[in-house]
1. What number of residues within the stretch 306-341 are farther than 16 Å from HIS276 by Cα and in contact (Cβ under 8 Å) with a residue 12 or more places away in the chain?
2. Residues that are among the small types (Gly, Ala, Ser) and at pLDDT below 90: does the stretch 256-267 have at least one?
3. Between THR79, THR110, which is β-branched (Val, Ile, Thr), within 25 Å of the chain's Cα centre (by Cα), part of a loop (DSSP other than H, G, I, E, B) and under 29 Å from LEU126 (Cβ atoms)?
4. Taking the stretch 59-76 as the region of interest, how many residues are farther than 21 Å from PRO152 by Cα and not in a loop (DSSP other than H, G, I, E, B)?
5. Any residue that is among the aromatic types (Phe, Trp, Tyr) and in contact with a His (Cβ under 6 Å, 6 or more places away or on another chain) - is there at least one of those in the stretch 305-316?
6. Working only within the stretch 129-155, note down all residues that are farther than 18 Å from GLU90 by Cα and free of Cβ contacts under 8 Å to residues at least 60 places away in the same chain.
7. What's the number of the condition LEU345 fails, among (1) assigned to a strand (DSSP E or B); (2) under 25 Å from LEU158 (Cα atoms); (3) not small (Gly, Ala, Ser)?
8. Could you tell me whether the stretch 144-165 includes any residue that is touching a helix residue (DSSP H, G or I) at 6+ places or on another chain (Cβ under 7 Å), at pLDDT below 80 and either among the basic types (Lys, Arg) or not assigned by TED's automatic domain parsing to the domain that holds ALA112 (or both)?
Amino acid sequence: MTTLLEIADLHHPDGLHGLSLTVSAGESLALVGSHGNGKDPLLRLLAGKESPSRGHVRICGCRPDTPEARAKVGFAGATWGLSPYHTVWETLALSAGLWSLPRRRAEEVTAALELAPVAHRLCADLSPGEAARLRIARALLHDPALLVLDEPLGDSDLESAEIIQAALSALAEEGKGILLTTFGHPRTVRAATRVCYLERGRLVGAGQSPAAPDAERRGAARDGSDRADVTGRVPDAGQVPPRVAQIAARRDERVVLFSPAEILYAYAQDKGVYLHTDEGDWTASFTLAELEARLAPHGFFRAHRGYLVNLAHVKEIIPWTRSSFSLRMKDGSDVPLSKHRVAELKELLGW
């Protein structure tokens, strides 16, 4: 596998004491470290703004301060700020111009991070999640092999977080290498395929992120395992997600328990997650990912990043174009079906 980032015996007076790690193509590595443990000087070294006192950094085989390396890496984070006086589209168009890229490329990254609805909004008026998506879109403009993202999900709302997570997953599948630096934000850690911990300028531990065990736990639950924890707690790494009999949801002052069979679908909207039932829509306290872990064994399918559907309540698959569909529920409501999930649903249903 191609190594895109190589850090070897890296030292810096501000807190790095022999850091070594690599990021390969198709890998998403979360580097977790609290303030003062070396993250800030590492980012400066990766950007080629400073030189190490010992050791080296190589981006696609090149020193970070060379044009060759800058063409291969994209950076996003609060350090790489946005002009409050430019709109989203102006920001991307100006950056595309600096790379001598056509307007079409700005349109592509706008679509990838779902920024079209806010394209003409000033950066000063963006929510933290929208600003995070814009920074990542800008970092993607020149199609770098490696992405370095500082706290990409830290202050994001639920909708933006799911958009970013989906985009990062797709980028890794395309073969890009991704380094995520974080103080330990759970969503950022879950977005990684590997996690390393930075303490006093050195790596103190490494292993898989919760993302890989999650997939294993979901598989065990679908196999009918009865080892699941039914207390409703979010599963820790290595545990099977709970196979629950009921999900609590709230509306006004009422708290009602719904069995999985009573839930037509769950959806994320306006920073909340809701259960759609025959009794109307109710607010859930779980994230959509947490609901998926609990409800997948009961025949629920992630039809879209914002929708989790009970397939027992799907009446019809409605085609809009050759590759675009929606799901018509038995109560007459429609749920979007992501193009990325069509093949999986076809295989699942024999459609």
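The values are calculated or read from the model by the stated rules, or taken from the named source; none is laboratory data. All values derive from a computational prediction rather than experimental measurement. Virtual Cβ from ideal backbone geometry, glycine too; neighbours counted across all protein chains shown.
1. Residues that pass the stated criteria total 11.
2. Applying the first criterion (among the small types (Gly, Ala, Ser)) to the stretch 256-267 yields 259, 261, 266.
Add one more test, that the residue is at pLDDT below 90, and what stays is none.
Taking every residue of the stretch 256-267 in turn, none turns out to be among the small types (Gly, Ala, Ser) and at pLDDT below 90.
3. Working: THR110 fails: part of a loop (DSSP other than H, G, I, E, B).
After applying the criteria, what remains is THR79.
4. 4
5. Applying the first criterion (among the aromatic types (Phe, Trp, Tyr)) to the stretch 305-316 yields 307.
With the extra rule that they be in contact with a His (Cβ under 6 Å, 6 or more places away or on another chain), the set shrinks to none.
Looking for residues that are among the aromatic types (Phe, Trp, Tyr) and in contact with a His (Cβ under 6 Å, 6 or more places away or on another chain), one finds none in the stretch 305-316, hence no.
6. GLY129, ASP143, LEU153, GLY154, ASP155 - these are the residues of the stretch 129-155 that are farther than 18 Å from GLU90 by Cα and free of Cβ contacts under 8 Å to residues at least 60 places away in the same chain.
7. (1)
8. no
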